[in-house]
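First comes the structure, then the notes that go with it.
The values are calculated or read from the model by the stated rules, or taken from the named source; none is laboratory data. Quick caveat, the model's predicted, so the values are computed rather than measured. Glycine also receives a Cβ, built like all others from the backbone with ideal geometry; neighbour counts cover every protein chain displayed.
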Amino acid sequence: MHTKLYLLAAGLLPVMLLTNCGGNKEEAKDEASVSTLGAVSAMKEMAAQAEEMQKNGPVATVDFRALKELLPADADGLARKEATGEKNGAAGFSISTANGKYANTDGTETIEISIVDGGGSAMMMGLAAWSMMEVDKETENGYEKTSTIGDNKSYEKYDTSGKDGELNVLVNKRFVVTVKGRGVSMDKMKAALEDVDLDKLSDLK
């Protein structure tokens, strides 16, 4: 089992690097160079987490209904239009997900909030691969970076020209909260994240 987890960790890094590389050739080259700098440390972190998962064993994911209860009624003033949840599993792993969609009256501003519980399994390496790297990039069209929100590792990416982006937070090494927005500022997405009780989420078992 440990070997399988290690191989999974090793396989996720190049996938993550390829996903981040886009745009023209020069941008792709620059992104690849930046990503490569963190590759060794990321691999070490993945291996360490794989070993910890092997030692601790599998953890049952919480009922998606408990996650749905943490979806705010509105996202920084945008009314909730839909709230869904589900639990899926394969190859011994399971994931619980709650998803909320929010928008203003004319639909020009939208926010989507998702809360995912991977049970601290190897799946989390794919869902939050960014949590094992350091990213800090800025272009004329936007930026992306890793940081922290409270005690939680975070990743944010924003396109200033299109006014869309996303904000991700890893809570208690098992929950990933993602806020995606269109037609809104990053500040509004961060305010929407504040509407989610991360402390209560961290205590779920």
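Residues in segment 86-104 that are modelled with pLDDT of 95 or more and not in a strand (DSSP E or B): how many?
1
Quick one: in segment 159-205, of everything that is of a type in the set (Asp, Glu) and part of a loop (DSSP other than H, G, I, E, B), which residue is surrounded by the most Cβ atoms within 10 Å (Cβ to Cβ)?
At the first step, the residues of segment 159-205 found to be of a type in the set (Asp, Glu) are 159, 164, 166, 187, 194-195, 197, 199, 203.
Those left that are additionally part of a loop (DSSP other than H, G, I, E, B): 195, 197.
Values: Asp195: 20, Asp197: 12.
Looking at residues that are of a type in the set (Asp, Glu) and part of a loop (DSSP other than H, G, I, E, B), I get Asp195.
Counting only residues that are within 15 Å of Val176 (Cα to Cα) and among the hydrophobic types (A, V, I, L, M, F, W, C), which one in segment 128-152 is modelled with the highest pLDDT?
Ile149
Is there a residue in segment 136-146 that is under 21 Å from Ala98 (Cβ atoms) and under 14 Å from the mean Cα position of the chain (by Cα)? Reasoning before the result, please.
Quick first cut of segment 136-146, residues under 21 Å from Ala98 (Cβ atoms) only: none.
No, every residue in segment 136-146 fails to be under 21 Å from Ala98 (Cβ atoms) and under 14 Å from the mean Cα position of the chain (by Cα).
Of all residues in segment 56-85, which are touching a Gly at 6+ places or on another chain (Cβ under 8 Å), among the small types (Gly, Ala, Ser) and either surrounded by 14 or more Cβ atoms within 10 Å (Cβ to Cβ) or in a helix (DSSP H, G or I) (or both)?
Result: Ala75, Ala83.
Within segment 105-112, is there a residue that is more than 13 Å from the chain's Cα centre (by Cα) and buried (at least 20 other Cβ atoms within 10 Å of the Cβ)?
Residues of segment 105-112 that are more than 13 Å from the chain's Cα centre (by Cα), as a first pass: 105-111.
Imposing the further condition that a residue be buried (at least 20 other Cβ atoms within 10 Å of the Cβ) reduces the set to 109, 111.
Yes, some residue in segment 105-112 is more than 13 Å from the chain's Cα centre (by Cα) and buried (at least 20 other Cβ atoms within 10 Å of the Cβ).
Quick one: Glu156 ticks every box in (1) of a type in the set (D, E, K, R); (2) without any contact (Cβ under 8 Å) to a residue 40 or more places away in the chain; (3) assigned to a loop (DSSP other than H, G, I, E, B) except a single one, so which number is it?
(3)
Only one of these conditions is not met by Ala128: (1) touching a Leu at 6+ places or on another chain (Cβ under 7 Å); (2) more than 19 Å from Glu69 (Cα to Cα); (3) surrounded by fewer than 20 Cβ atoms within 10 Å (Cβ to Cβ). Which number is it?
Single failed check for Ala128: (3).
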